[in-house]
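Input: a single structure, listed below in structure tokens.
The values are calculated or read from the model by the stated rules, or taken from the named source; none is laboratory data. Owing to the predicted nature of the structure, the values given are computational and were not obtained by experimental measurement. Ideal geometry is used to build each Cβ from the backbone, glycine not excepted, and the neighbour counts take in all protein chains shown.
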Amino acid sequence: MFSYLKRLISNSELNLISYAEYIEAVLYHPELGYYMKHKQKIGSQGDFITTSNISDIYGKIIAKWFANVCKENDLEPIFCEIGAGNGRFSHAFLQEWEDSIKTPLKYIIVESSPYHLSLQNELLKPAYTVTQVTRLDELEAFEGMVFSNELFDAMPVHVIEKVNGQLYEVMVGMKNETLYEENVPLTNSSIYTFLEESGLVLKDKQRIEVPLLMEGMVQDISLVLKRGLVVTADYGYTKEDWKQPSRIKGSLRGYYQHQMIHDVLEHPGEMDITTHIHFDWLIQKGKQAELLFHSKLRQDEFLLKAGILKELENHYDPNPFSEVSKRNRAIRSLIMPSGMSSFFHIVIQQKGIKGNLFIE
């Protein structure tokens with residue numbers, strides 16, 4: 001990876017590349033990128049944990065909720081998951097659908113990583129019929145639901161900083177085999193457009209990530225969804241959140257063997273890199289692409305509205321290692337105010353849907 005980055009930087013105009021180019025290289029290079037390599041990334045032996053890898057209950061709840069949404073809105077049961085990782089969520093969803101819903105379902109996975117595609121095949125086939133594609137534009141337009149869990153937070157972003165009243169883009173260079181940052185005056189017109197449209201005004205010495213690729217992804221999702229819902233599970237901030245003093249350094253960070261790494265230039269190609277997403281921008285770009293905003297809920301609030309408490313089994317089981325006890329603990333961990341779900345939000349956007357999404 002260092003040799004590739006060295007070539008990339010030396011071939012650039014200023015011997016500097018943007019953070020977006022750096023993140024694209026270290027995460028998504030076809031052979032060397034973190035997400036593309038045959039290496040475990042999720043779970044106790046990986047670098048990070050996702051909600052669907054804590055418990056299968058997450059996928060099961062989404063399956064039941066989606067079935068109700070289809071029934072209430074006369075919606076075709078076509079479920080499209082973007083970035084399915086190791087397939088744990090898909091497996092839980094499909095298992096629940098087969099066990100309790102038992103109506104025809106088309107399940108689509110959009111996955112660019114060959115390694116994750118192979119893991120999904122091992123886990124899901126031949127028990128379940130799944131359509132796998134590597135890009136959204138390979139799909140014919142459909143009605144149903146487009147779901148993603150921690151998709152946008154892994155997309156390459158530009159990084160800008162305000163110093164003495166002037167805006168700079170933070171670039172990446174290499175000297176003596178060491179990566180470093182260098183500020184250059186901001187000239188990217190797309191970033192200026194983002195700042196103007198989002199209404200974000202940086203304070204002096206404030207740094208922030210700019211998700212220019214988000215708009216294209218939102219448009220691609222809208223093009224493929226004729227009617228239905230877009231459900232985005234991710235962590236992020238609103239415009240008001242970004243104003244808080246604690247956000248002055250932005251949110252770009254890495255995860256390496258379950259340790260948070262503040263310097264994302266460390267471990268290139270061996271570490272997950274992530275940011276908090278811009279919720280207001282996601283909602284704004286969705287509206288422009290005919291994906292109307294329905295709601296933004298903390299993940300624990302969403303799970304409660306989706307009926308997770310119905311899954312708790314009331315009878316006492318003295319064995320803490322029984323399946324019932326483990327299931328009940330998993331449910332409680334997903335809805336505790338201090339748990340993992342309190343850091344995540346679910347953004348729901350709709351196209352051509354007017355019926356109930358939640359049955360109280």
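In region 185-199, what count of residues is obtained for those that are aliphatic (A, V, I, L, M) and either loosely packed, with under 13 Cβ neighbours inside 10 Å or under 24 Å from the mean Cα position of the chain (by Cα) (or both)? Before the answer, list the steps.
First, pick out the residues of region 185-199 that are aliphatic (A, V, I, L, M): 186, 191, 195.
Cutting the leftovers down to either loosely packed, with under 13 Cβ neighbours inside 10 Å or under 24 Å from the mean Cα position of the chain (by Cα) (or both) gives us 191, 195.
Matching residues across region 185-199 total 2.
Out of the residues in region 153-170 that are of a type in the set (A, V, I, L, M, F, W, C) and more than 21 Å from Thr274 (Cα to Cα), state the one that is farthest from the chain's Cα centre (by Cα).
Filtering region 153-170 down to residues of a type in the set (A, V, I, L, M, F, W, C) leaves 154-155, 157, 159-160, 163, 167, 170.
Applying the additional criterion that residues be more than 21 Å from Thr274 (Cα to Cα) yields 163, 167.
Values: Val163: 31, Leu167: 28 Å.
The extreme case among them is Val163.
Going by what's in this entry, would Leu202 be described as over 16 Å from the mean Cα position of the chain (by Cα), of a type outside the set (Phe, Trp, Tyr) and under 30 Å from Thr134 (Cβ atoms)?
Criteria not met by Leu202.
Residues Asn68, Asn86: which one is at pLDDT 95 or above and more than 17 Å from His345 (Cα to Cα)?
The conditions single out Asn68.
Based on what the data block shows, is Ser189 without any contact (Cβ under 8 Å) to a residue 12 or more places away in the chain and either touching a Pro at 6+ places or on another chain (Cβ under 9 Å) or not assigned by TED's automatic domain parsing to the domain that holds His345 (or both)?
Numbers: without any contact (Cβ under 8 Å) to a residue 12 or more places away in the chain: yes; either touching a Pro at 6+ places or on another chain (Cβ under 9 Å) or not assigned by TED's automatic domain parsing to the domain that holds His345 (or both): yes.
Criteria met by Ser189.
Name every residue in region 113-125 that is of a type outside the set (Ser, Thr, Tyr) and more than 13 Å from Gln95 (Cα to Cα), in order of residue number.
Initial filter on region 113-125 (of a type outside the set (Ser, Thr, Tyr)): 114, 116-117, 119-125.
Matches in region 113-125: Pro114, His116, Leu117, Leu119, Gln120, Asn121, Glu122.
Restricting to region 12-41, count the residues that are surrounded by fewer than 19 Cβ atoms within 10 Å (Cβ to Cβ), modelled with pLDDT under 95 and touching a strand residue (DSSP E or B) at 6+ places or on another chain (Cβ under 9 Å).
1
From the list Val130, Val159, which residue is under 30 Å from Asn15 (Cα atoms) and at pLDDT 95 or above?
Numbers: Val130 fails: under 30 Å from Asn15 (Cα atoms).
When all the criteria are applied, what remains is Val159.
For region 266-281, give me the residue count where each residue is crowded, with 20+ Cβ neighbours inside 10 Å and either touching a strand residue (DSSP E or B) at 6+ places or on another chain (Cβ under 6 Å) or part of a strand (DSSP E or B) (or both).
9
Just to confirm my filter: which strands (runs of 3 or more DSSP E) fall fully inside region 93-178 and include at least 1 residues that are of a type in the set (A, V, I, L, M) and in the same structural domain as Lys6 (by TED's automatic domain parsing)?
Working: elements: 106-110, 131-133, 142-149, 158-163, 166-175.
The strands (runs of 3 or more DSSP E) meeting that bar are 158-163, 166-175.
Conditions tested, residue by residue: (1) surrounded by 13 or more Cβ atoms within 10 Å (Cβ to Cβ); (2) in contact with a strand residue (DSSP E or B) (Cβ under 7 Å, 6 or more places away or on another chain); (3) within 25 Å of Gln219 (Cα to Cα).
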site: Gln95; (1), (2), (3): yes, no, no
site: Pro104; (1), (2), (3): no, no, no
site: Ser113; (1), (2), (3): yes, no, yes
site: Gln120; (1), (2), (3): yes, yes, no
site: Ala127; (1), (2), (3): no, no, no
site: Asp137; (1), (2), (3): no, no, yes
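Failed condition for Glu181, given (1) in a strand (DSSP E or B); (2) buried (at least 18 other Cβ atoms within 10 Å of the Cβ), with all others met?
Here Glu181 clears every test but (2).
I need the full set of residues from region 226-265 which are part of a strand (DSSP E or B), out of contact with any Leu (no Cβ under 8 Å at 6 or more places or on another chain) and modelled with pLDDT of 95 or more, in order please. Show your work before the answer.
From region 226-265, those part of a strand (DSSP E or B) are 226-234, 236-237, 253-256, 259-261; that's our starting set.
Now narrow it down to the ones that are out of contact with any Leu (no Cβ under 8 Å at 6 or more places or on another chain): 226, 231, 233, 237, 253-256, 259-261.
Matches in region 226-265: Lys226, Val231, Ala233, Tyr237, Arg253, Gly254, Ile261.
For residues that are β-branched (Val, Ile, Thr) and part of a loop (DSSP other than H, G, I, E, B), scanning just region 42-59, find the one that is modelled with the highest pLDDT. Before you say what the answer is, go through the steps one by one.
Let us first name the residues in region 42-59 that are β-branched (Val, Ile, Thr), namely 42, 49-51, 54, 57.
Restricting the remaining residues to those that are part of a loop (DSSP other than H, G, I, E, B) gives 49-50, 54.
Numbers: Ile49: 57, Thr50: 58, Ile54: 62.
My answer is Ile54.
Tell me which residues, restricted to region 218-241, are crowded, with 16+ Cβ neighbours inside 10 Å and either touching a Pro at 6+ places or on another chain (Cβ under 7 Å) or closer than 13 Å to Val347 by Cβ (or both).
Once the filter is applied, which keeps residues that are crowded, with 16+ Cβ neighbours inside 10 Å and either touching a Pro at 6+ places or on another chain (Cβ under 7 Å) or closer than 13 Å to Val347 by Cβ (or both), region 218-241 yields Val218, Ile221, Leu229, Val230, Val231, Thr232, Ala233, Asp234, Tyr235, Gly236, Tyr237.
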